[in-house]
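The values are calculated or read from the model by the stated rules, or taken from the named source; none is laboratory data. The model shown is predicted, which means the values in this text are computed figures rather than measured ones. A quick note on method: Cβ atoms are made from the backbone with ideal geometry, for glycine too, and the neighbour counts reach across all protein chains shown.
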Amino acid sequence: MSDTSVLARKWRPKNFAQLAGQEHVVRALGNALSQNRLHHAYLFTGTRGVGKTTIARIFAKSLNCLTGITATPCGVCSACTEIDSGRFVDLIELDAASNTQVDNMRELLESALYAPTSARFKVYIIDEVHMLSKSAFNAMLKTLEEPPAHVKFILATTDPQKIPVTVLSRCLQFNLKQLPPALIVAHLQHVLTEEHIEFEPAALNLVARAAQGSMRDALSLTDQAIAFSSGKLEESAMRSMLGAIDQGYLFELLHALHRQNGADLLGVAESMATRSIAFDAALQELASLLHRIALAQTVPQAIAEDDPERGRVLELAANFTPEEVQLFYQIAIHGRAEIELAPDEYAGFSMTLLRMLAFAPSRVALPVKGFTQAAVQTAPVVQAAQPVQVVQAAQPVQPRAAHVAAPVATPPAPVVPAAVAVPVVDAQIAVPVSTVAPVRHADDAPPDWNYLLGRLNVQAMAQQLAKHCVLDSVSEQQVVLRLAQEHKHLQTKMATDNLQTALSDYFARPLKLSVVLGKVEAATPAKIEHQTRETRQQQALDSVASDAFVSGAVTELGATVVPESIKYVNQ
């Protein structure tokens, strides 16, 4: 294939009007050219293939067009045609990656002192300028600060962070953006229509996503696809060429997640494994699809009307809550980062899917057989008077009342060293405030402060302040709290402001929070929490003391129960 038939070269823009995207740069340069307000040095930054060198060459034509300095070069004069063909004597292009040394830069700067051969300006385009050595940059500084009137420098780089700030301060900097997929697709449609090549819109969408914002990469991939598919761009051929994931698998995975059907979920994963699909790429595509679903939930118009997957994306957007989509996205991202640590790619991929299933917000965790969530996870330490070889428990621990959790069967006891952990079942469990139904009051009575605090989204310092207060009153404009003098150190401005914001959000109206210092007779949430914790701890101690296994160990083996080792765990 000759250079003239390479799409990336054949369709390289010759003027600003043909440039796809980068309107902010085109507008600034166009105004500077029209008003003849020209700087001596320009720096174009951006990722590969976004148009840095192309804009530099168009700008060089605008400076040297025989019609005059203009934002719309004629394209037919000798200067324009020679620049397009790469034969213009006064346009010097330097690849800094191949000419990093100070000697190369000194040679270039010495030639800059001479007037242009036939042009209005001598233009130097230095590509990948960040590759220059420190000495080469130092050699540039004087010329960049006080250049000859006939010289213009255009620097281009993909990594501006590596350019010394002394050089950056002497340049007008323009950051070229990555091109959005929709713009790439529109440009490819125009190019292929002009080239009389048939295509499927879905195939162009794949190319646009694979190009990752680079128009040059998109045109190169299109060239490759034309050769791969014998002159017609089809979605199936494009997926095969790119190794792209069939979106159907991803939609099936999300539908299985919606149904919370683990068998279907793993069935799809096994089908993907059978086709040797790269699971790292699958997680990347899944995260991309979840991003589109999140966009559809927030701004449905963000999904293009002509997107062939629009209907399926909107359907999933309606099936999932925003919380679920955000959670699945985070799990997919972390799963992709951890897939190299998994035993194999399939294990890492399937565990990521199972994690989504397990942590879906709408799921209710099923109790593990033999245990209940109401059980108190205490682990008392029983100290034996001497080493004991075998301890045989005759019967499982029996509940002491109807509201005690299900019995925990005691397995055959292993060898017991100096200390042994004993499982304990408590009879009563503290229910979190957030799960208790609100206490109803008369219309003129304030709401239950303990219940209300469980509904507020506050920071740690604000929560401590609120826990040590009681609610005096709530009006349309104000909430009054009372705080004991011994806790006045909790009344910081940050805590008060955060608590006021949380109350305003909860009541859906602006409220002023007043915290008054004084005697607090009613039980504060902190005091209630402390009393509840002490009660539960005592219940745990009593449960251990009355346990048949523990009693037997104390009586028959001379063991001693260490009370400090018994801790009530609130679940």
Completion exercise
Just one listed residue, out of 74, 80, is over 44 Å from the mean Cα position of the chain (by Cα) and over 23 Å from residue 111 (Cα atoms), and it is 74
Handout entry: Selection from the range 541-553 of residues that are outside any loop (DSSP other than H, G, I, E, B), surrounded by fewer than 15 Cβ atoms within 10 Å (Cβ to Cβ) and touching a residue at least 40 places away in the same chain (Cβ under 8 Å)
Key = 548
Exercise for the section: Would you check if there is a residue in the range 524-531 being farther than 30 Å from residue 481 by Cα and among the small types (Gly, Ala, Ser)? Expected result: no
Practice task
Out of 168, 155, report the one residue that is of a type outside the set (Gly, Ala, Ser), out of contact with any helix residue (DSSP H, G or I) (no Cβ under 6 Å at 6 or more places or on another chain) and assigned by TED's automatic domain parsing to the domain that holds residue 40.
Solution key: 168
Exercise for the section: Report yes if residue 75 is crowded, with 21+ Cβ neighbours inside 10 Å and touching a residue at least 12 places away in the same chain (Cβ under 8 Å), otherwise no. Expected result: no
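Tell me the residue from 47, 67, 53 that is in the same structural domain as residue 125 (by TED's automatic domain parsing) and more than 21 Å from residue 213 (Cβ to Cβ), please.
Residue meeting the stated conditions: 67.
Say whether the condition of being under 14 Å from residue 45 (Cβ atoms), out of contact with any strand residue (DSSP E or B) (no Cβ under 7 Å at 6 or more places or on another chain) and assigned by TED's automatic domain parsing to the domain that holds residue 49 is met by at least one residue in the range 135-148.
Within the range 135-148, not a single residue is under 14 Å from residue 45 (Cβ atoms), out of contact with any strand residue (DSSP E or B) (no Cβ under 7 Å at 6 or more places or on another chain) and assigned by TED's automatic domain parsing to the domain that holds residue 49.
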Practice task
Report, by residue number, each residue of the range 472-497 that is at pLDDT 90 or above and either buried (at least 20 other Cβ atoms within 10 Å of the Cβ) or in contact with a Cys (Cβ under 7 Å, 6 or more places away or on another chain) (or both).
Solution key: 479, 481, 482, 483
Practice task
Please state which of the following conditions residue 81 fails to meet, knowing it meets all the rest: (1) β-branched (Val, Ile, Thr); (2) out of contact with any strand residue (DSSP E or B) (no Cβ under 6 Å at 6 or more places or on another chain); (3) not in a helix (DSSP H, G or I).
Solution key: (3)
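Yes/no matrix, rows are residues, columns are (1) in the same structural domain as residue 536 (by TED's automatic domain parsing); (2) at pLDDT 90 or above; (3) farther than 24 Å from residue 282 by Cα:
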residue	(1), (2), (3)
308	no, no, no
327	no, yes, no
343	no, yes, no
346	no, yes, no
350	no, yes, no
379	yes, no, yes
383	yes, no, yes
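Looking for whichever is in the same structural domain as residue 453 (by TED's automatic domain parsing), over 40 Å from the mean Cα position of the chain (by Cα) and of a type in the set (A, V, I, L, M) here; the options are 495, 502, 526, 540. Which one fits?
Working: 495 fails: over 40 Å from the mean Cα position of the chain (by Cα); 502 fails: over 40 Å from the mean Cα position of the chain (by Cα); 526 fails: over 40 Å from the mean Cα position of the chain (by Cα).
Within the list 495, 502, 526, 540, the selection yields 540.
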Practice task
May I ask you to verify whether residue 109 is assigned to a loop (DSSP other than H, G, I, E, B), in contact with a helix residue (DSSP H, G or I) (Cβ under 6 Å, 6 or more places away or on another chain), surrounded by fewer than 22 Cβ atoms within 10 Å (Cβ to Cβ) and without any contact (Cβ under 8 Å) to a residue 40 or more places away in the chain?
Solution key: no
Handout entry: Odd one out for residue 285 among (1) at pLDDT 90 or above; (2) in the same structural domain as residue 337 (by TED's automatic domain parsing)
Key = (1)
Problem - Matching entry among 282, 256, 218 (being of a type in the set (A, V, I, L, M), over 27 Å from residue 351 (Cβ atoms), within 26 Å of the chain's Cα centre (by Cα) and crowded, with 17+ Cβ neighbours inside 10 Å) - result: 218
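How many residues, within the range 84-106, are of a type outside the set (D, E, K, R) and not in a loop (DSSP other than H, G, I, E, B)?
So the answer is 7.
Given the criterion over 28 Å from the mean Cα position of the chain (by Cα) and either over 22 Å from residue 334 (Cβ atoms) or not basic (Lys, Arg) (or both), identify the matching residue among 276, 240.
240
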Handout entry: Close pairs from the range 7-34: first without any contact (Cβ under 8 Å) to a residue 12 or more places away in the chain and over 13 Å from residue 190 (Cβ atoms), partner outside any loop (DSSP other than H, G, I, E, B) and of a type in the set (D, E, K, R), Cβ under 6 Å, at least 6 apart
Key = 9/3
Handout entry: Candidates 188, 266 - the one that is buried (at least 19 other Cβ atoms within 10 Å of the Cβ) and outside the structural domain of residue 56 (by TED's automatic domain parsing)
Key = 188
Fill in the blank from the handout: Among helices (runs of 4 or more DSSP H) completely within the range 446-540, the ones holding 2 or more residues that are without any contact (Cβ under 8 Å) to a residue 24 or more places away in the chain and farther than 30 Å from residue 567 by Cβ are 493-507
Exercise for the section: Within the range 303-310, identify whether any single residue is without any contact (Cβ under 8 Å) to a residue 24 or more places away in the chain, among the β-branched types (Val, Ile, Thr) and surrounded by fewer than 15 Cβ atoms within 10 Å (Cβ to Cβ), and answer yes or no. Expected result: no
Practice task
Please find, within the range 103-136, the residue that is farthest from the chain's Cα centre (by Cα) out of those that are among the aromatic types (Phe, Trp, Tyr) and at pLDDT 90 or above.
Solution key: 121
Problem - Condition check for residue 292: under 25 Å from residue 183 (Cα atoms), without any contact (Cβ under 8 Å) to a residue 40 or more places away in the chain and of a type in the set (Lys, Arg) - result: yes
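Within the range 36-71, how many residues turn out to be farther than 20 Å from residue 119 by Cα and of a type outside the set (D, E, K, R)? Steps first, answer last, please.
Step one: filter the range 36-71 for residues farther than 20 Å from residue 119 by Cα, giving 43-52.
Right, trim to of a type outside the set (D, E, K, R) and you get 43-47, 49-51.
The total comes to 8.
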